[in-house]
1. Listed residues Ala286, Ala223, Ala249, Ala227; which is among the aliphatic types (A, V, I, L, M), touching a Phe, Trp or Tyr at 6+ places or on another chain (Cβ under 8 Å), part of a helix (DSSP H, G or I) and touching a residue at least 60 places away in the same chain (Cβ under 8 Å)?
2. How many residues does segment 1-36 contain that are at pLDDT 85 or above and assigned to a helix (DSSP H, G or I)?
3. What do you reckon, is Asp527 part of a helix (DSSP H, G or I), at pLDDT 75 or above, of a type in the set (Asp, Glu) and over 23 Å from Ile402 (Cβ atoms)?
4. Among the residues of segment 150-187, write down those that are among the β-branched types (Val, Ile, Thr), within 30 Å of Ala477 (Cβ to Cβ) and without any contact (Cβ under 8 Å) to a residue 12 or more places away in the chain.
5. Can you report the number of residues in segment 359-370 which are touching a residue at least 12 places away in the same chain (Cβ under 8 Å) and either touching a Leu at 6+ places or on another chain (Cβ under 8 Å) or under 19 Å from Thr392 (Cα atoms) (or both)?
6. For segment 443-462, what are the residues that are of a type outside the set (A, V, I, L, M, F, W, C) and either under 25 Å from the mean Cα position of the chain (by Cα) or not assigned by TED's automatic domain parsing to the domain that holds Val530 (or both)?
7. Can you pull out every residue in segment 430-481 that is in a helix (DSSP H, G or I) and β-branched (Val, Ile, Thr)?
Amino acid sequence: GGRVDRYVASTDQAASADWARCQLAAVDVDEIFRAYLNAGVDPHGDQVPVPDGKRAAAASAADRRVAQVVSQVPAGTTILVAGLSDTGVNPHLRVAVAKGGGYGPGLLTSSATRQDGLVTLTDLTSTAFQQLGLKEPQQAVGSAWRSQHSGDSTATRVEDLEDEDVAAQAIRAVQTSFYWVLFATQLVLYAIAALALRRLGNDPRSRARILGGMRVIALLGGAAPGASFLAGLMPWWRAAHPTPVLICAVLGFAGLMTGVALAGPWRRSAFLPGLVITAVTAVVLALDVMTGSSLQLNTLMGYTALVAGRFYGFGNQAFSLFAVAAILTAAWVCEFPLRRHRAEPDPGGPAGASRRAKTVSVGIVAAIGLLTVAVDGLPAWGSDFGGVIAITPAFAMLGMMITGKRVSPVKLGAFCAAGIALVLAISWWNSRSANPTHMGRFWRDLMDGNAWDVVTRKFDAMLNSLGYWPFTLALAAALVFLFFVLARPTRWPAVSLLHRAYQHTMTMRPALICALAVGIIGTLVNDSGVVILSVAFSLATPLMLAAAVRSLELDLDEGTEQPGPRAPRAASTESPSA
């Protein structure tokens, strides 16, 4: 209400009666802030650094102020200490301490973060209402602080919290550069692939080396997004120079995934190496969100505690990566029944498979699709609203295309409506819990008539995402590459690479179309916009290139290369489209 019942200028002037009079007392401990305020800014508007000695003195003064309050308040008082703002140039994680009121030795957490040692500023409001025994207004966001018991010493707990801040700072410093490097590397890969395919030499050995090297690089590019999460298994933030160690960890895990993909007899296949990478990526991301999202936080393609947009479940980038990995995995797993139970000796695609193979394949798609939706959408795991809307129609399309059926605009619209209905059902269920997530709060907004504001805000953010040049540029380049290099046969002396891949892999075409579908729908229904589709292409395009290059290698080995496009084998009259 903007009214303060009792005010004194300083804790030095507060008497015992002042502390006992008010049920809630707010104390401003601003010594560190004033040290930066007195330092001022330079002519360029940058903060003038505060000398270490003055900053240490300000910190000591703040400590004395807190100790004074602790000694003056009545016995049994619950004391909450929170850093409300940043000082200096760079943002950092700030202090949060609770004493009394049921808070024992350990680490603070809340339902808003689900991370031991991390709470948010909006949680402070909920905590105050709980301690005062007041009903929290529906408009308030956040959850009350809870104490998570820890047997570690105070020094160990403080060190762990400092590690969180170091990791957040390191990710903040390199995250944008990581995207630039990842996408720029892929742009260079596309250019090299175009030139190599345009000017392949007549020497079979030269061709083999070029195609083999291109395949390895493409698989490395496809493994890099998943490796960026696996890097969280290494305590890179404890190194003297954490950023270089983080980069080396990503490269190391990407190399390990590529090595596994090319280690066994499956390396001779056009699709199995890619299946290894997509399966590992999907399983790692799924297990992570099902066990607390520890790999998502402070990760290059996840989220950071400094931004504080999300602390658990799938962020938009991780959702895109997980969804595309799951779709490609489901499609390529269906290769096994489709190849085993063929209706003809040499079928030209899923439509040429037997009815039994189609039934088994649809079952595989349905099982993986249901698990993917559950992992992504359930509030206890992925807690992703827009992801369910995108994943549901994409897997429904995949099931139809695997059986050789046509996907009409009407059917696609019905699949999207089913995704919306499903996510609304999850939101309704979550709204009935004691601590609803953003999904449950959206249902409450919908019932109160306030949901349109949320929708328009996210739509505006989606449109503004077109200004994210690292993503927009990489997306445009990937689309051009797919059209001119992989898909357009008239520009190249041999059959198009995608056409070759379609001949060697029965589910390649459905996999590519459905991966594109989940990226486009995800772009339209998420506030990250073009970032969704760019991340989808960062996984799908290199793996498609690797499969297509391997198909070309197989054709060259068999001596089947022709000067022009070959007629499709056993083409179906019901060619799937979207």
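1. Ala286
2. Number satisfying all stated conditions: 14.
3. Criteria not met by Asp527.
4. First, the residues of segment 150-187 that are among the β-branched types (Val, Ile, Thr): 154, 156, 158, 166, 171, 174, 176, 181, 185.
Then keep just the ones that are within 30 Å of Ala477 (Cβ to Cβ); that gives 171, 174, 176, 181, 185.
Residue satisfying the conditions is Val181 alone.
5. So the first thing to find is which residues in segment 359-370 are touching a residue at least 12 places away in the same chain (Cβ under 8 Å), and the list is 360-362, 364-366, 368-369.
Those left that are additionally either touching a Leu at 6+ places or on another chain (Cβ under 8 Å) or under 19 Å from Thr392 (Cα atoms) (or both): 361-362, 364-366, 368-369.
Residues meeting the conditions: 7.
6. Within segment 443-462, the first condition is being of a type outside the set (A, V, I, L, M, F, W, C), and the residues that meet it are 444-445, 448-450, 453, 456-458, 460.
The answer is Asp453, Thr456, Arg457, Lys458, Asp460.
7. Narrowing segment 430-481 to residues in a helix (DSSP H, G or I): 430-431, 438-448, 451-467, 469-481.
Scanning segment 430-481 gives Val454, Val455, Thr456, Thr472, Val480.
Conditions (1) under 17 Å from Trp332 (Cα atoms); (2) touching a Gly at 6+ places or on another chain (Cβ under 8 Å); (3) modelled with pLDDT under 80; (4) among the small types (Gly, Ala, Ser), marked per residue:
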residue	(1), (2), (3), (4)
Leu516	yes, no, no, no
Gly522	no, yes, no, yes
Leu539	yes, yes, no, no
Pro542	yes, yes, no, no
Leu552	no, no, no, no
Asp557	no, no, yes, no
Gly564	no, no, yes, yes
Ala570	no, yes, yes, yes
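The values are calculated or read from the model by the stated rules, or taken from the named source; none is laboratory data. Remember, predicted model here, so these are calculated numbers, not experimental data. Here Cβ is always computed from backbone atoms with ideal geometry, including for glycine, and neighbour counts include all displayed protein chains.
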